[in-house]
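Taking it in order: structure first as structure tokens, then the write-up.
The values are calculated or read from the model by the stated rules, or taken from the named source; none is laboratory data. Keep in mind that this is a model prediction, so the values were computed, not measured. All Cβ positions, even for glycine, are placed from backbone atoms using ideal geometry, and neighbour counts span all protein chains on display.
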Amino acid sequence: MTRPLYYDCVVAVVCGADAKDNKMRRCVTEDTLMIKTNSMTRVFGDLVAVDNLELNIRQGVIHGFVGPNGAGKTTTIKMLVGLLRCTSGSGMIKGLPAGSIQARQLIGYSPERPCLYNNMTAKNYLLYMAGLSGLKKNEAEARTNELLDWLDLSKFSYKKVGGFSAGMKQRMGLAQALVHNPELLILDEPTANLDPHGRTSIINKLKELNSQQNITIFISSHILPELEKLVHSMTLIDKGKVVMEDSMEQIKQGFSQDRYVLKTSDNAKVMESIKSKPYIQEMLLDQSDIIYITCSDKSALQKDVINAVQQYNLRLFNFGEEEINLEDIYTKSVSTSGVQ
């Protein structure tokens with residue numbers, strides 16, 4: 001069969017075989033990892049785009065994949081879905097070689113800019129995609145109607161997708177990725193260029209997919225505040241290498257450990273009284289008049305802060321562990337790895 005022109009953009013992961021093939025399902029290992037890479041490397045001439053990448057993504061999670069522009073995110077995704085071959089190393093999808101037909105049957109993929117047939121109606125486009133992924137006619141019809149309804153596109157079923165807004169096209173991209181009921185959803189910037197309402201809609205749909213159907217979602221995005229609310233775990237890469245990979249809870253805990261915030265009615269006096277203490281590693285006063293402290297002895301810090309407040313008869317407005325967000329983590333980690 002001649003491969004479709006849009007193959008390299010959208011549907012490498014679904015064409016060529018029946019996504020419901022029971023034989024293929026029996027080949028899948030019982031490994032708890034949905035994505036695993038071993039020294040995955042991709043070189044373009046003199047450029048090492050992905051450098052011995054090691055990923056270990058559990059089944060059933062929403063996993064964020066972040067990094068600066070040019071870090072190798074999209075190249076990694078293309079190797080996982082089979083659009084690029086590894087120069088060296090390997091990738092596995094639920095124990096199956098990345099890029100193999102069996103692995104691609106498990107994946108639904110939507111790139112940052114979904115490639116749609118503008119002259120096709122929404123319904124005909126999804127029916128066509130369902131057919132490519134091996135669904136029988138009655139299954140394709142039922143699944144198409146289900147997705148159009150779920151993504152609030154039913155009233156546009158017979159409209160040509162070329163006239164759709166950016167948000168509607170993003171939802172169509174998500175629909176085609178889901179048409180064959182994949183176990184793994186790989187999304188590259190799914191909320192890029194959307195308005196706040198459109199982004200919220202997509203994020204809520206992804207949460208629903210994961211919680212109700214246990215679909216593993218691997219999502220690359222630059223919109224970190226949204227990503228933080230969505231993901232269970234995260235990988236940060238820079239220059240093609242993993243900087244960190246862990247659950248969001250563990251990452252936040254690691255960055256906030258031994259870091260405290262303090263605000264009183266006279267911060268200068270408190271800082272003066274504790275600055276020479278041996279447990280103080282770093283102490284900064286920001287523009288909003290909050291003291292940020294890194295220390296090695298929380299109990300000693302608490303005692304000395306209370307003593308200073310009592311000694312100078314001050315009011316204590318805030319004292320506790322620093323709450324760190326994904327943007328803070330990203331900024332600190334990328335800065336440490338040498339990116340300006």
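Out of Leu96, Leu126, which single residue is over 19 Å from Ser39 (Cβ atoms), touching a helix residue (DSSP H, G or I) at 6+ places or on another chain (Cβ under 8 Å), touching a residue at least 24 places away in the same chain (Cβ under 8 Å) and hydrophobic (A, V, I, L, M, F, W, C)? Of the residues listed, the single one that is over 19 Å from Ser39 (Cβ atoms), touching a helix residue (DSSP H, G or I) at 6+ places or on another chain (Cβ under 8 Å), touching a residue at least 24 places away in the same chain (Cβ under 8 Å) and hydrophobic (A, V, I, L, M, F, W, C) is Leu126.
Filter region 251-290 down to residues that are surrounded by 13 or more Cβ atoms within 10 Å (Cβ to Cβ) and within 15 Å of Leu326 (Cα to Cα) and give me whichever is modelled with the highest pLDDT. Here the residue is Ile251.
None of Lys303, Lys252, Lys205, Lys239 is of a type in the set (D, E, K, R) and under 30 Å from Asp152 (Cβ atoms) except Lys205.
So that you can scan it fast, the table gives a plain yes or no per residue for (1) in the same structural domain as Phe65 (by TED's automatic domain parsing); (2) of a type in the set (Asp, Glu); (3) farther than 26 Å from Ile35 by Cα:
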| residue | (1), (2), (3) |
| --- | --- |
| Arg113 | yes, no, no |
| Leu116 | yes, no, yes |
| Leu135 | yes, no, no |
| Ala142 | yes, no, yes |
| Glu146 | yes, yes, yes |
| Leu174 | yes, no, no |
| Ala177 | yes, no, no |
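Residues considered: Leu153, Leu96, Leu84. Of these, the only one that is closer than 22 Å to Glu208 by Cα and within 27 Å of the chain's Cα centre (by Cα) is Leu153. The number of residues in region 27-54 being at pLDDT below 95 and either crowded, with 21+ Cβ neighbours inside 10 Å or in contact with a helix residue (DSSP H, G or I) (Cβ under 9 Å, 6 or more places away or on another chain) (or both) comes to 2.
Does Ser233 satisfy being touching a residue at least 12 places away in the same chain (Cβ under 8 Å), more than 30 Å from Tyr117 (Cβ to Cβ), in contact with a His (Cβ under 6 Å, 6 or more places away or on another chain) and of a type outside the set (A, V, I, L, M)? Before the answer, list the steps.
On the way: touching a residue at least 12 places away in the same chain (Cβ under 8 Å): yes; more than 30 Å from Tyr117 (Cβ to Cβ): yes; in contact with a His (Cβ under 6 Å, 6 or more places away or on another chain): yes; of a type outside the set (A, V, I, L, M): yes.
Spelling it out, Ser233 is indeed touching a residue at least 12 places away in the same chain (Cβ under 8 Å), more than 30 Å from Tyr117 (Cβ to Cβ), in contact with a His (Cβ under 6 Å, 6 or more places away or on another chain) and of a type outside the set (A, V, I, L, M).
Run Gly134 past the list (1) outside any helix (DSSP H, G or I); (2) surrounded by 18 or more Cβ atoms within 10 Å (Cβ to Cβ); (3) modelled with pLDDT of 95 or more and report the number of the one that doesn't hold. If we test Gly134 against (1) outside any helix (DSSP H, G or I); (2) surrounded by 18 or more Cβ atoms within 10 Å (Cβ to Cβ); (3) modelled with pLDDT of 95 or more, just (3) comes out false.
Results for (1) within 27 Å of Gly89 (Cα to Cα); (2) surrounded by 15 or more Cβ atoms within 10 Å (Cβ to Cβ); (3) in contact with a Leu (Cβ under 6 Å, 6 or more places away or on another chain), shown as yes or no for each residue.
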| position | (1), (2), (3) |
| --- | --- |
| Asp149 | no, no, no |
| Lys160 | no, yes, no |
| Thr191 | no, yes, no |
| Glu208 | no, no, no |
| Ile219 | yes, yes, yes |
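Is one or more of the residues making up region 253-273 within 29 Å of Thr75 (Cβ to Cβ) and in a helix (DSSP H, G or I)?
Taking region 253-273 as the starting set, the residues that turn out to be within 29 Å of Thr75 (Cβ to Cβ) are 254-255.
Narrowing the set further to residues that are in a helix (DSSP H, G or I) leaves 254-255.
Yes, the conditions are met somewhere in region 253-273.
For Ser276, state whether it is among the hydroxyl-bearing types (Ser, Thr, Tyr) and not in a helix (DSSP H, G or I). Spelling it out, Ser276 is indeed among the hydroxyl-bearing types (Ser, Thr, Tyr) and not in a helix (DSSP H, G or I). The single condition among (1) of a type in the set (Lys, Arg); (2) in contact with an Asp or Glu (Cβ under 7 Å, 6 or more places away or on another chain); (3) not assigned by TED's automatic domain parsing to the domain that holds Ile306 that Lys229 does not satisfy is (2). Does region 147-165 contain any residue that is out of contact with any Gly (no Cβ under 8 Å at 6 or more places or on another chain), assigned to a loop (DSSP other than H, G, I, E, B), of a type in the set (Phe, Trp, Tyr) and at pLDDT below 95? Scanning region 147-165 turns up at least one residue that is out of contact with any Gly (no Cβ under 8 Å at 6 or more places or on another chain), assigned to a loop (DSSP other than H, G, I, E, B), of a type in the set (Phe, Trp, Tyr) and at pLDDT below 95.
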